[in-house]
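Step one of this worksheet: look at the structure below.
Just so it is clear, none of the values below were taken in a lab; they were calculated from the coordinates. Here the structure is a predicted model, which is why all the values come from computation and not from measurement. Positions of Cβ are backbone-derived with ideal geometry, glycine not excepted, and every protein chain shown enters the neighbour counts.
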Amino acid sequence: MTGQQLPLRFGGGRYDRRPPVTRLSFDPATLSRPLADLERVTPRVARRLTAFGLTTVGDLIEHFPRRYEDFRDRKAIRDLKLGEEATIRGEVVRVRAERTARRRVDIVKVLVRDDTGAVEAVWFNQKYLTRVLDEGMRLSLRGTFRPQSGRQQFVVKGHEILGEEDGEGVHTEGVVPVYPASEQVSAKLLRALVHELAPVMRRLPDPLPAGLLTRERLPGRADAVTAVHLPRTLAEARLARERLVLEELLLMQVGLLLHKQEQQQRVRAPALPEPAALAQAFLDGLPFELTSHQLAALDEIEADLRRDVPMRRLLQGDVGSGKTVVALYCLLRTAEAGLQGVLLAPTETLAAQHAETVARLVGPLAPAELVTAALTARERREALARLASGETRIVVGTHALLTGDVRFAALGLLVVDEQHRFGVEQRDALVRRAEHDGLAPHVLHMTATPIPRTLALTVFGDLDVTTIAGVPSGRQPVVTRLVDEEMRETGYEFVRKQIAKGRQVYVVCPAIDESESIQAATAVAEAERLQAGPFREARVAVVHGQLKPADRDEVMRAFKSGELDVLVATSLIEVGIDVPNATVMIVEGAERFGLAQLHQLRGRVGRGSEKSYCLLFAAAETGAARARLEALLETTDGFELADKDLEIRGEGQVMGSRQAGVPDLKLARLARDRAALLRARALAAGILEADPGLRSPVHGPLDAAVRDAFGGELGWLLKA
C-alpha cells in the first residue's frame, strides 16, 4: 500500500456514529486514493467495487444512500411483542443447527440473553453462522418476534457482532442508510466501508464561501456529508441531503452561467438597426394574426438582436404554437440589415417544408436558398459560392451546412430547429467558422418538445428561454383514444369512415430495432398489410429512412397534394410535417414510444379546421408505459406532459440527449427539488454579479469545485 494509512481501520466492532466534527487540515489527494487501500478491501472486493463504478475514496463518499431504515426501536427481550419488528441486543448462550426432514431447510438457532430475559433467535438457510457465532459473543439482532414451530422465536432479518465499546451497531441499530447496491456489492459492505471513511468525511473542505453559509444558514459540507451517511435522526439526514442538493445544483448553475458570461464577453455580435420597411411588409402580409404570445416572443428576440451581445436563446412552444413564423421574421430582419440568416433543420423533409414556408410567407422580400444532401455536386458548389459571396441572404438547410467547406460572407443569425437533433460541437463549430471581423452570429434554438422549467435551467441553463404558450385560434384539440387489440377492428372502421369523407391518415410504426433497414422493412410490411386488409379501398404509401431523398420527397408531395389517403411511416414524421387535411394519427405499438414522442406525433394532426383524432394502438401495459399513455389521454398541453414525463422517467433519461458537458445529478431530482434549483439559480446569479469570472480568492474553492463538477468539459464549454 502506498501513502499514509487511512486514519481508521475497520475491525468489525461498533462505532461512535457521530463524533464531533474536527477542523483538521485536509489533503485533497485523499479523495483520489484507491479503495484498495482500505483495511477491509481485498483485491477481490476491489475488483467488484471497480466493476460497480466505485474506485476511489471520493467515489464512495459521493455514493449517497437511496433511503434509510429507522432501527432506533431497540427493546429489552422481555418487552418484545408478538408480530412486532424490533432490534434487540444480547449475549450468545448456545448455538445449534437443525435440518427439517420434510422441506430440508437448514435452521440455525441461537439462544440470546440480556439483563431482562432470553429468546431463541432463528436464521433460515444460513448454516455458516454455526462457524461464526460463539458463546459469549454480543449480538445486535433485527427481526420479528413471532410463533415458529410451536414456540415463540425471534426470526432474524439482520444481525451484527458487537465489540466491547458501548456504541451503536452499524447495520441493525439507529438510522441505517440503504445504498444502491448489486449482487456483488452489498449495501452491508458499502455501509461498513463508509464507516471506515468517517474521519475523512469529517475533514472535507467546503467549496461554498463562509459568508454564503452564514447568510443562507447552511451547515458546512463536512457536517452535511457525515450526516447524510451517518445520521442520528431521519430529520438530520433530510437536512443534510437538502444542503448537498443545493450545493450540487449551485455548482451546476455557476458553471452554466460562467459559460454564458464568457460567451457574452468573448466576442461581440452585429447589433441590428431598428426594423425597416421589409420587416413591416412581412408582418402586414401574413394571412393570419399573430397571437399575444408570438408578439411577446418577437419583442424578447428583437431586443436581443439589437444588442451587440451574442444572443443565445431557446424558443420553445407546444406543437403548432407558431414558432416558425417568429423565426422567419428574425431571419428577414437579419437579411434586411445586410447580413445572412441560416435556418437549420434536422431532416431534408422538414428543411424542404421550411423552404416552402419561406417562399410562401417571405416570397420576393428575401428569396431563400435550400441546401441539403440531395443537391448534386455542381448544385452544391454553386450554392456555397453564393453563400460565401453574400448573394444569398437566407439559407435553409440540414446537416449539409455543417461541413467544413461552408463559408459565409456575414452570418448574422443561426436558427436551429429541433436543436436536440444536432451535435453541440457541430453546431458551435459552424458558429466559430462564421465569425467575421470579431463578430459572432446570434443563435436562436427552437424546440417543439416542451421543456419543464427545472429541466430548462439544467440542460439549457446557459441560454435565455422564451416560451410561446397556447396555439393560434381556430385549432381544435385532438381527440385521443387508447385502442386495445379487441377494439382494433372498430378503430379501423372509424378510420375508413374518415377516409370516405376525404380525410387523410398517418400510420406510424414503432422502432423495434435500431437498424434503419429493419425499421424500413417493418413499415413496408405494415403498409402491405393495411393495403391488403383494413384499407384495401384506400391509396396507401410508405415513407422511411431508407428511401432515396427524391423518392421520399415525391411520396410526401403526393400525400400533401391529396393523391394518397394513408401514409405509413417510421417516426421521422414526428417533427414539422404540416398537412392540414390529415385528421387521423394511428400509432402502432404506442407503448413503445416515449411521452414526448407520442405528443409530437399527435401534433401532426389537428392543423386544419376539421376535428382530428389520435388512436393509440397498444398492448395491455402496466407501470411506466401505462402511465405515459394515460397522461396523453388526460391532456393535450405539452408543458403538462413534459412535467409528467420528468416525473415518470426522471431527469436521467429525459436528459439523455442533453447539452454536452452538463454534469450528472447524484442527489438532486428535478421533479422533487424545483425550489432548490430556483434558489441555486438565484444564488449563482448573485455570486457572478458580485464577482464575474470568480476572480476573488474567497471564491477559489468554488471555482475549483465547479470545474471539477464539469470535468474537462467546462474548459471546452468556455471555448465554444
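State, to one decimal in nm², a quarter of the convex hull surface area for the C-alpha atoms of region 479-635, i.e. the direction-averaged projected area. Kindly include the intermediate steps, with their values, before the conclusion.
Numbers: hull surface 34.9 nm².
Convex hull of Cα atoms, orientation-averaged projection: 8.7 nm².
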Notebook entry, point to check: In a shell of Cβ-Cβ distance under 12 Å around residue 97, excluding residue 97 itself, what net charge do Lys and Arg (+1) and Asp and Glu (-1) give?
Noted result: +4
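So how much slack lies between residue 84 and residue 360, counting 0.36 nm per residue of separation and subtracting their Cα-Cα distance, in nm?
Values: separation 276, 0.36 × 276 = 99.36 nm, distance 7.57 nm.
Extra length from residue 84 to residue 360 when fully extended: 91.8 nm.
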Check: In Å and whole numbers, how far do the C-alpha atoms of region 61-119 stretch along each principal axis, longest first?
Finding: 47, 32, 23
Notebook entry, point to check: Angle between the Cα long axis of helix 234-266 and the longest principal axis of the chain, 0 to 90 degrees, nearest 10?
Noted result: 30 degrees
Checklist line | Over 23 Å [Cα-Cα, region 69-178], rounded percent | finding: 24 percent
Note to self: Quick check: residue separation of residue 493 and residue 27 times 0.36 nm, minus the Cα distance between them. What number comes out in nm?
What the structure shows: 160.4 nm
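Where the eigenvalues come from the Cα gyration tensor of the chain, what are the semi-axes √(5λ) of the equivalent ellipsoid, largest first, in whole Å? Write down the numbers at each step before the final one.
Details: eigenvalues 692, 253, 86 Å².
Square roots of five times the eigenvalues give 59, 36, 21 Å.
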Check: For the pair residue 265 and residue 303, how long in nm is the line joining their label points, each one 7 Å along Cα→Cβ?
Finding: 2.3 nm
Checklist line | Amide proton proximity set for residue 69, modelled H, under 5 Å, gap of 5+ | finding: 176, 178
Checklist line | Size of region 296-374 as Cα extents on the principal axes (Å, biggest first) | finding: 37, 32, 22
Notebook entry, point to check: Spin-label point model (7 Å from Cα, Cβ direction): what's the residue 130 to residue 283 distance in nm?
Noted result: 9.0 nm
Check: What order, most packed first, do the peptides 55-63, 430-438 have when packing is the mean number of other Cβ atoms within 10 Å of each residue?
Finding: 55-63, 430-438
Item checked: Inter-site label distance for residue 91 and residue 689 at 7 Å from Cα along Cβ, in nm -> 6.7 nm
Checklist line | Degrees, to the nearest 10: 323-336 long Cα axis against longest axis of the chain | finding: 60 degrees
Check: Angle between the Cα long axis of helix 377-389 and the longest principal axis of the chain, 0 to 90 degrees, nearest 10?
Finding: 90 degrees
Next item on the list: Express in whole angstrom the spacing between the alpha-carbon centres of region 578-595 and region 24-81.
Entry: 49 Å
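Once the Cβ-Cβ distance between residue 558 and residue 405 is put in as r, and R0 is 30 Å, what FRET efficiency do you end up with, to the nearest 0.05?
On the way: r = 34 Å, r/R0 = 1.13.
The formula returns an efficiency of 0.30 here.
Rounded to the nearest 5, what % of DSSP beta bridges with both residues in the chain are antiparallel?
Looking only at bridges with both residues in the chain, the antiparallel portion is about 45 percent.
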Check: How much length is gained on full extension from residue 548 to residue 385, taking 0.36 nm per residue of separation minus their Cα-Cα distance?
Finding: 56.1 nm
Notebook entry, point to check: In square nanometres, what is the average projected area of the Cα convex hull of region 20-122?
Noted result: 12.0 nm²
